[in-house]
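Student: After the structure tokens below, expect a handful of questions from me.
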Amino acid sequence: MINREIDKLFPSGSIGVVGGGQLGRMFVFEAKRMGYHVVVLDPKPNSPAGQVADEQIVAGFDEIWAYRELARKTDIITFEFEHINVNLLATIEKEGCKVIPSSKTLEVIQNKYIQKSMLRKMGVKIPEFSKVNSLDDLKKEFECLSQQAILKSCTNGYDGKGNYMIKNEDDLEKAYQLLGEQEVFVEELIDFIMEVSIVVVKNNSGISFYPVAENEHHDSILIKSLIPASLPDEVINKIHAVSEKIIEEFDDFGIYCIEFFIDNDYEVLVNEIAPRPHNSGHYTIEGCITSQFEQLVRVICGMPIGSTKLRMPCAMYNILGNQGVDGEYEVSGLDALLTIPDCHFHLYGKPNTNYLKKIGHITVFGETVVAADDKARVALQSISITQK
Ligand SMILES: Nc1ncnc2c1ncn2[C@@H]1O[C@H](COP(=O)(O)OP(=O)(O)OP(=O)(O)O)[C@@H](O)[C@H]1O
Ligand SMILES: [Mg+2]
């Protein structure tokens, strides 16, 4: 039973966003389109979200005055990034500020070890994992995990940063040397046939699912998502059932993304949960009736959930910095890309890039997922990122 109430907030009410990255930016576009006032908190001046918001408070995520200032200026607060100070978020909640999702939900999710322990306790299928406090611990656990494992930092990981694949015994020392100063755990390496994710919407009248996305990662970075995922209905049903169980456990509202591994037997294992819109849900901007970002505006403002229906099969490719670029960059070939029908281009306003740093994405429609994927590959090849 959800024991939270969301008051209706009508335009031009004011929304605060902790975090100024691309997810915040795409959220701000939607909130502004709907007539809301938006204030962003981020340490980097002129952040991607700050550029398009009404105002940015430039301060670190560890400064209580900044959270209080954001609370003073806005009617409701959300976040676009997990790695913020959850205690300060809890402080402003106690002082009367509404935060969705709550600091309690964020506290569980932002520490992957606590998150996975919750899932294990609930009986949700996940890769085996255990906490390691020393190199000896790691060596012992590695033996138990059939000598295939991944070492993960409990907090602050994103885009594979904070993860180290251990392919054989020789990697153990290197992995521990790199990550062992932080709180870490080791996890069984899953030999998956597919990675998928689902964006879930939860408000006081119920739960809705977006179509499942099929994701491809290189070096732990999301390269592309294809929608809908090519999975039999019974697997989709399993994904829905597990997702509903997990989201109900939080007893909270918001937009969540759950990442899964599908193994050889079509067994569904949860990788991780994000308490916010997600990169693999970017396709919803043009691909669905209501985008994941508009949906978050709706949820936190106490409005009804919008349709999550897919308009057309689509492919989303991230635009990443390439090996030759480090610092300011230029994008060329946009004129060629824009000759491709049904191709939507997004650039996040980041001043700098480097190898594999996300700076934008494209979403392309097709009659089939394969057609959308083929078109998207051509579209991506038509642009190039070069050093300025
Ligand atoms: N146990 C595992 N077995 C196999 N592959 C894994 C495992 N854990 C992670 N990976 C691979 O590494 C990728 C990134 O891992 P994870 O989701 O833990 O990192 P992250 O940095 O939190 O990711 P992001 O923030 O980009 O979602 C996964 O999508 C998957 O491709
Ligand atoms: Mg992930």
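The values are calculated or read from the model by the stated rules, or taken from the named source; none is laboratory data. Only a predicted model underlies this, so the values are computations on that prediction, with no experimental measurement involved. Virtual Cβ from ideal backbone geometry, glycine too; neighbours counted across all protein chains shown.
Student: Filter segment 22-39 down to the residues that are touching a Ser or Thr at 6+ places or on another chain (Cβ under 9 Å) and farther than 22 Å from His361 by Cα and list them by number.
Tutor: Passing the criteria: Gly35, Tyr36, His37, Val38, Val39.
Student: Sort through Leu106, Leu151 and tell me the only one that's hydrophobic (A, V, I, L, M, F, W, C) and over 29 Å from Asn264 (Cβ atoms).
Tutor: Leu106
Student: Among Val200, Val235, which is under 22 Å from Glu286 (Cα atoms) and without any contact (Cβ under 8 Å) to a residue 60 or more places away in the chain?
Tutor: Val200
Student: Which residue pairs have Cβ atoms under 9 Å apart, sit 6 or more places apart or on different chains, and have a first residue in segment 259-272 that is on the phi > 0 side of the Ramachandran plot and a second that is in a loop (DSSP other than H, G, I, E, B)?
Tutor: Hits for this filter: Tyr266/Ile193; Tyr266/Leu231; Tyr266/Pro232.
Student: Still on this structure: What residue, among those in segment 116-150 that are of a type in the set (A, V, I, L, M, F, W, C) and either within 10 Å of ligand 1 (Cβ to nearest atom) or within 20 Å of the chain's Cα centre (by Cα) (or both), is modelled with the lowest pLDDT?
Tutor: Step by step, filter segment 116-150, then rank; the result is Leu145.
Student: Suppose we filter Gly50, Gly60, Gly35 for residues that are in a loop (DSSP other than H, G, I, E, B) and farther than 14 Å from Val18 by Cα; which single one remains?
Tutor: The unique qualifying residue is Gly35.
Student: Could you check segment 206-301 for helices (runs of 4 or more DSSP H) lying wholly inside it with 2 or more residues that are within 16 Å of ligand 2 (Cβ to nearest atom)?
Tutor: Hits in segment 206-301: 233-250.
Student: If you scan segment 194-231, which residues turn out to be within 16 Å of ligand 1 (Cβ to nearest atom) and among the basic types (Lys, Arg)?
Tutor: Hit for segment 194-231 is Lys224, nothing else.
Student: Give the residue, chosen from Phe293, Phe250, that is surrounded by 24 or more Cβ atoms within 10 Å (Cβ to Cβ) and more than 15 Å from ligand 1 (Cβ to nearest atom).
Tutor: Phe293
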